[in-house]
Every structure is written in C-alpha cells, then in structure tokens.
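To keep things clear, I will list the structure first and then write my remarks on it.
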Amino acid sequence: MAVTSQTNADLAAIAEVLRGAESFAVCGHVGPDGDCLGSQLAVYHALRALGKNVTCLLAKADPIETGLLFLPGVDDMVVAADYDGKPDVFVALDVPTVERIGDDAAAVQAACPVTVTIDHHASETTMSAYTYVDPDAAATAMLVWELAALLGVERTPEIATCAYTGLVTDTGRFQFQNTDKAAFASAFEMVAAGADPAAVAREVFQNRSVASLELERIMLSRMRSSFGGAYVSSYLTRADFDEVGAVKTDAEPLINTIRAITGVRVACILREEPEHIRGSFRAKDDTDVAAIANTMGGGGHKAAAGFTLREPLDQAIKRVDAAVAAALGVDDDERCAEACGQTEAARVADASNTEAVRL
C-alpha cells in the first residue's frame, strides 16, 4: 500500500499514541456512509475494549441511513453540536480535511491536545498531528481493522461487523474497481471474526423504503444518455422529496442503478438541497471521477466521488456536462451535434404528442 506524502506516522505509531491516552472523540465526515460509520464504530469498540472513555460523534444532526442503523454502537453516537467533553485525543476517520467534519466537530478537534487522522482519501493538506492516509486501501475500514490488531484487542464480532460493513459498502459489494486481493483478505478475516455477510447485506442493500423506490422512478424518468451512451445522468429536486415523503438518505442507492446500464463509463446524479446542488459520480471503467469532481471543488475516489455547486440546477447540469465531456475527450463539435439531436428529438416528441391529443 502506498501512503500519501502527508502521512507522517504509521498505524503502529498511532496505536501507541491511542494506548497512552484515556479519553477520545471519534468523528467522521458529514453525511456519513457505511465506511465512515463502520470505521468510527470499529475504533469505538476497540478503544472501549482497552477500558478507554470513547464518544463517537456525528458531524451533523442529519439522519443516519436506515440501512446502517443496525451497526452495533450506533445508538451511542452523539451529535457534535451537543458534545461538551474535553477528550485527550480527537480521531478523524474517513475524512481528509477539517471542512468535511463540519464546524461543530472542528471546534472539538481544535480543543484537543492530540489529533489523529486515518483515511484513504488522498488530499493535499492534513488536519492532524498524526496522519496516516493510504489511497490504495479499498476502505478506511481496512485500516482500522489493522489498527485494532495493533492495539492488541480481540477483534470481536462487533468490531468485525462494523469493519466489514465499511468494506462491503465502499467496494460496492466487491464490484468496484478498488476491489483487490487485499480487500478480499481483509473480508475473510472479518468474517472469520464474526461478521455475517448475509445479515449485513440484508440490512444495507435490501432495506430500501417505498419512498426511495418512488425517487428512483422520478430519477429514471429524467435520465439522459450522452456521448454515445458513455455518460448517463439525472437529477432530483427538493419538490421530488416532498412529493414522495423521502429523506436525503433515500437517494443514496440511485446512482448505482444508472451506473449499471450497458456502455456507461460515468454516471452522475444531481440532488437539489436548500442552499446548494449536491452531485455524485460513479465510474465503471478507469475514468477518474475524483479528478472531474476536483474541477468543481469536490473529490473522493477514482471510481466514486462527490461535489457541491452553489448555483441554480440548470446551470449546474450544464457545468457538469461540460466537465464530463472534457474528461471523456468529447470535443465541442460533438457536444453541439448531440445537443442539437436531443433538441430535435424533443421537438418531434412534442409534435407527436400534440398530434395525438388533436386526434
């Protein structure tokens, strides 16, 4: 595994630091996914096994995804804004920059005498005194699984379940490009330690709400296929969520639906939120969607990334289309020809509908 240039400590050194402290705040990024929560809770259980005082923080008061509520220890998590402790160590997991932990968690971190980051997102900056970032790791959960062993604790079924959930979600059920022999080796160890793959799959992947399926219907009705089918995109508005009674987490599975279409290289869904547009990318080949997201102030992994745009939805759609076109090597003439073709198809469809109504 290849660590980043910002890495200044290995996991063994970090384990030594953690063993020498007594109280901890463990935090992840805003909008935590399976790898974030799984990593946090795996470290929570490992440190508690050493008799430490540990609090897992939620960066914001947003609802946790329904499919992750089964994780052991999730009910003990505290919203950062409500936390008034003074821990010895702040541990940031699955998050590369202080901006991604939110203002309230950042205030807790700033007051801690010792700070630690363990992550697999490459970044040009660091926010902790002790930093270990390995972008070759399929999930941060793999790194905390190794950390638990270095701490000298028994890797219990609770730790294994949390870590396995992080690994299986960040590899897309072991289907994404980051799935390698190291990921399978870690998964083998986690299952041997007590993680139940069928139970995790049932909770995480077979636990969607009716509102989520209604959002999928709306999203598919707006789907656009561009650049010869290499790029597929769609969007959801705030009104869509209100219409079907959905919450933000109901939209999380949708990107993988359109990513699965034959011939797609890059998939994108834009989601309108009160003050911004949130975008999600997925790649199915070697296209680096993190690099595309980076052009719009976002980031992530080569095969999965996100970004935030503070502009109207129609402008955001045009901006993202242009960024993807540049990444896929589509020139302006090709884009213009395709746009004209789509406009003509829409005109013909409208004319046909009008004729049908008249008849």
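The values are calculated or read from the model by the stated rules, or taken from the named source; none is laboratory data. None of these values were measured; they are calculated from a predicted model. All Cβ positions, even for glycine, are placed from backbone atoms using ideal geometry, and neighbour counts span all protein chains on display. Surface accessibility is based on the protein's heavy atoms, side chains included, excluding ligands, DNA and RNA. Shrake-Rupley method; radii C 1.70, N 1.55, O 1.52, S 1.80 Å.
If the condition is being open to solvent by 70 Å² or more (accessible area, probe 1.4 Å), under 20 Å from the mean Cα position of the chain (by Cα) and over 16 Å from Asn256 (Cα atoms), then the stretch 202-215 contributes only Arg202. Ile101 meets all of the listed conditions (1) open to solvent by less than 50 Å² (accessible area, probe 1.4 Å); (2) closer than 21 Å to Ser186 by Cβ; (3) among the β-branched types (Val, Ile, Thr) but one, namely (2).
Could you identify the single residue in Asp119, Asp136, Asp103 that is charged (D, E, K, R) and touching a strand residue (DSSP E or B) at 6+ places or on another chain (Cβ under 9 Å)? I'd like the intermediate steps shown before the answer.
Numbers: Asp136 fails: touching a strand residue (DSSP E or B) at 6+ places or on another chain (Cβ under 9 Å); Asp103 fails: touching a strand residue (DSSP E or B) at 6+ places or on another chain (Cβ under 9 Å).
The match here is Asp119.
On inspection, Leu220 qualifies as touching a helix residue (DSSP H, G or I) at 6+ places or on another chain (Cβ under 9 Å), assigned to a helix (DSSP H, G or I) and under 29 Å from Leu313 (Cα atoms).
Residues checked against (1) touching a Leu at 6+ places or on another chain (Cβ under 8 Å); (2) aliphatic (A, V, I, L, M):
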position	(1), (2)
Val168	no, yes
Thr171	no, no
Phe174	no, no
Lys181	no, no
Ala187	yes, yes
Ala193	no, yes
Ala198	no, yes
Arg202	no, no
Val210	no, yes
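Evaluation of Ala111 against the conditions (1) more than 20 Å from Ala21 (Cα to Cα); (2) of a type outside the set (Val, Ile, Thr); (3) surrounded by fewer than 21 Cβ atoms within 10 Å (Cβ to Cβ) shows that the sole unmet condition is (1).
Of everything listed in (1) within 30 Å of Ala316 (Cβ to Cβ); (2) assigned to a helix (DSSP H, G or I), the single unmet condition for Ser225 is (2). Restricted to the stretch 227-248, and to residues there that are surrounded by fewer than 19 Cβ atoms within 10 Å (Cβ to Cβ) and under 20 Å from the mean Cα position of the chain (by Cα), the residue that is farthest from Ala211 (Cα to Cα) is Lys248. Among all residues of the stretch 38-52, there is none that is touching a helix residue (DSSP H, G or I) at 6+ places or on another chain (Cβ under 9 Å), closer than 18 Å to Lys248 by Cβ and open to solvent by 30 Å² or more (accessible area, probe 1.4 Å). Note on the stretch 6-16: residues that are more than 23 Å from the chain's Cα centre (by Cα) and part of a loop (DSSP other than H, G, I, E, B) total 3. Taking first residues from the stretch 18-34 that are farther than 18 Å from Cys112 by Cα and partners that are among the hydroxyl-bearing types (Ser, Thr, Tyr) and open to solvent by less than 10 Å² (accessible area, probe 1.4 Å), the Cβ contacts under 7 Å between residues at least 6 apart in sequence or on separate chains come to Gly34/Thr165.
Pick from Ala110, Ala138, Ala106, Ala122: which is under 22 Å from Ala291 (Cβ atoms) and either of a type in the set (Phe, Trp, Tyr) or without any contact (Cβ under 8 Å) to a residue 60 or more places away in the chain (or both)? Before you say what the answer is, go through the steps one by one.
Numbers: Ala110 fails: under 22 Å from Ala291 (Cβ atoms); Ala106 fails: under 22 Å from Ala291 (Cβ atoms); Ala122 fails: either of a type in the set (Phe, Trp, Tyr) or without any contact (Cβ under 8 Å) to a residue 60 or more places away in the chain (or both).
The match here is Ala138.
The set of residues from the stretch 58-83 being free of Cβ contacts under 8 Å to residues at least 12 places away in the same chain and of a type in the set (Val, Ile, Thr) is empty.
Residue-wise test of (1) out of contact with any helix residue (DSSP H, G or I) (no Cβ under 9 Å at 6 or more places or on another chain); (2) of a type outside the set (A, V, I, L, M, F, W, C).
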residue: Leu57; (1), (2): no, no
residue: Gly67; (1), (2): no, yes
residue: Gly73; (1), (2): no, yes
residue: Ala92; (1), (2): no, no
residue: Pro96; (1), (2): yes, yes
residue: Ala107; (1), (2): no, no
residue: Cys112; (1), (2): yes, no
residue: Val116; (1), (2): no, no
residue: Ser128; (1), (2): no, yes
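The lone criterion from (1) polar (S, T, N, Q); (2) modelled with pLDDT of 95 or more; (3) under 29 Å from Thr237 (Cα atoms) left unmet by Gln206 is number (2). Looking at Arg217, Arg155, just one residue is charged (D, E, K, R) and under 21 Å from Leu93 (Cβ atoms), and that residue is Arg155. For the stretch 165-185, the tally of residues that are without any contact (Cβ under 8 Å) to a residue 12 or more places away in the chain and charged (D, E, K, R) stands at 1.
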